[in-house]
Amino acid sequence: MEIDSWPDGLCDGTGRSLARLRNRASSFFESLSVAELVCGTRRRTRIADWLKVADGYRTQAASAREEGSLQAAAEAWLCSLTALEVVRSLSCAGDLDSVDLAEKVRISLTGFQDDAGPAIERVTIDCFGQGTLTGFFLPTAPRQPSPPVLVCVSDEEITLGSMMSRLLPASRFQSVSLLLVDAGVPSARHAFKPEHMLQCWLDYLEARPDVGQQRIAIYGEGAGAIHASRVALSDRRIAAAVCDGGLLSPVMRRASLSWMTRSGQAADHGTAAAPPLQLRRIPCPLLMAVGSRSMIWEQDALELQAGYRQAGAACFVVVPNRIPHPLGEVENFVAVDDFILEWLCSNPGAVRQIEPVTYL
């Protein structure tokens, strides 16, 4: 990585600097070797390189602000966030002991919000009179009449800040608004199920004049994918969904049953294998992203897709390039996020013709 030539010079605010950086990040993941990840010294060298890139863009943002170039400053903040997400993807336990990554992300998000004007709206709504919910609305730029909106559902593991720092830069290249919400807000957790809280957010979107009412999509990661699936299954206001398709809960039960059977803890009822998946079909177009963020296995996703397609339903699977990691896997998040947002922008209202299974 030619670190000495980074970051790019101040841009004119058209997104070229961010586009170049995201292309470089994607190419970096594609060329990353298992040896670089397994070797702690080499991995930490790559992490240090990307931290320098993030710091360089943060410095560039401050310079652009002093010169009055707020568009350039806002773009530099987005570049910094992208570099920090590369760091997050590469890191293992102990790699960032001397780095407060969360604080660096917070600084870049705050800087973007300050320099980009009303680009991030903090929204508080009432939840059936039993508590308040807080989320963040990011309108598309440039604004267009009735744009699609993507409801992004986080959980305790994948935080709002993490989703925002990754999806906000990606969304700059698509005409889509984002609503980022937490499905497990403590003030309302005990009164309502997460899917009921998400329905409150759909009510909020329906009242906004700058949202296409027939173009609301939902996207869940981790446990958030379970909540997104339940809402997409029950609420016809959802026009497209990126979630687990209802897979995760029965797959976990099936895995538990298989484990108990193998370990001899299950009663001897003659159960030699777990039962096949039996799921209700989500009525809107569905995309399942296989990988660590979704916790869906490729075999299960393809099995569910086969049932959908046999019924004539729109169901797609995307499988990212995954690189073995000492503590799991590293995914090319740039390629995955770009694919998901492009698919979602085309689906609320019109299904784009893509391959049933896409390997990135």
Residues of region 86-103 being surrounded by fewer than 22 Cβ atoms within 10 Å (Cβ to Cβ) and part of a helix (DSSP H, G or I), which ones? 88, 101, 102, 103
Yes/no for residue 318 being more than 28 Å from residue 93 (Cβ to Cβ), touching a Ser or Thr at 6+ places or on another chain (Cβ under 6 Å) and open to solvent by less than 20 Å² (accessible area, probe 1.4 Å): yes
Note on region 56-75: residues open to solvent by less than 50 Å² (accessible area, probe 1.4 Å) and under 28 Å from residue 330 (Cβ atoms) are 56, 57, 60, 61, 75
Condition first: modelled with pLDDT of 90 or more, part of a helix (DSSP H, G or I) and within 21 Å of residue 333 (Cα to Cα). Can you find one or more residues in region 2-10 that meet it? no
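Any idea how many residues of region 35-61 are touching a residue at least 40 places away in the same chain (Cβ under 8 Å) and not basic (Lys, Arg)?
Here the count works out to 13.
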Which residues, counting only those in region 104-120, are within 19 Å of the chain's Cα centre (by Cα), in a helix (DSSP H, G or I) and either modelled with pLDDT under 90 or small (Gly, Ala, Ser) (or both)? 108
Answer yes if at least one residue in region 260-270 is out of contact with any Phe, Trp or Tyr (no Cβ under 7 Å at 6 or more places or on another chain), under 26 Å from residue 311 (Cβ atoms) and modelled with pLDDT under 90, and no otherwise. no
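Inside region 132-143, can you point out the residues that are at pLDDT below 90 and either in a strand (DSSP E or B) or crowded, with 18+ Cβ neighbours inside 10 Å (or both)?
Selection gives 132, 133, 134, 138, 139, 140.
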Can you pull out the residues in region 189-230 that are in contact with a Lys or Arg (Cβ under 9 Å, 6 or more places away or on another chain) and hydrophobic (A, V, I, L, M, F, W, C)? 197, 198, 202, 205, 216, 225
If you go through region 280-315, how many residues are under 17 Å from residue 232 (Cβ atoms) and buried (at least 19 other Cβ atoms within 10 Å of the Cβ)? 14
Number of the exception - residue 170 against (1) touching a strand residue (DSSP E or B) at 6+ places or on another chain (Cβ under 7 Å); (2) open to solvent by less than 10 Å² (accessible area, probe 1.4 Å); (3) at pLDDT 85 or above: (1)
Exactly one of these conditions fails for residue 97: (1) under 30 Å from residue 205 (Cβ atoms); (2) over 22 Å from the mean Cα position of the chain (by Cα). Give me its number. (1)
Quick check on my filter: what residues within region 285-301 are more than 14 Å from residue 220 (Cβ to Cβ) and modelled with pLDDT of 90 or more? 285
Restricting to region 173-197, and then to whatever is modelled with pLDDT of 80 or more and assigned to a helix (DSSP H, G or I), can you tell me which residue is least open to solvent (accessible area, probe 1.4 Å)? 197
Only residues that are open to solvent by 30 Å² or more (accessible area, probe 1.4 Å) and part of a loop (DSSP other than H, G, I, E, B): list them for region 216-245, please. 223, 236, 237
Of residues in region 144-163 being open to solvent by 10 Å² or more (accessible area, probe 1.4 Å) and in a helix (DSSP H, G or I), the one nearest to residue 335 (Cα to Cα): 162
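The values are calculated or read from the model by the stated rules, or taken from the named source; none is laboratory data. Note that the coordinates shown come from a computational prediction; the quantities given were computed from them, not determined experimentally. Every residue, glycine among them, receives a Cβ derived from its backbone with ideal geometry; neighbour counts consider all protein chains shown. Ligands, DNA and RNA are excluded from the accessible area calculation, which covers all protein heavy atoms including side chains. Shrake-Rupley method; radii C 1.70, N 1.55, O 1.52, S 1.80 Å.
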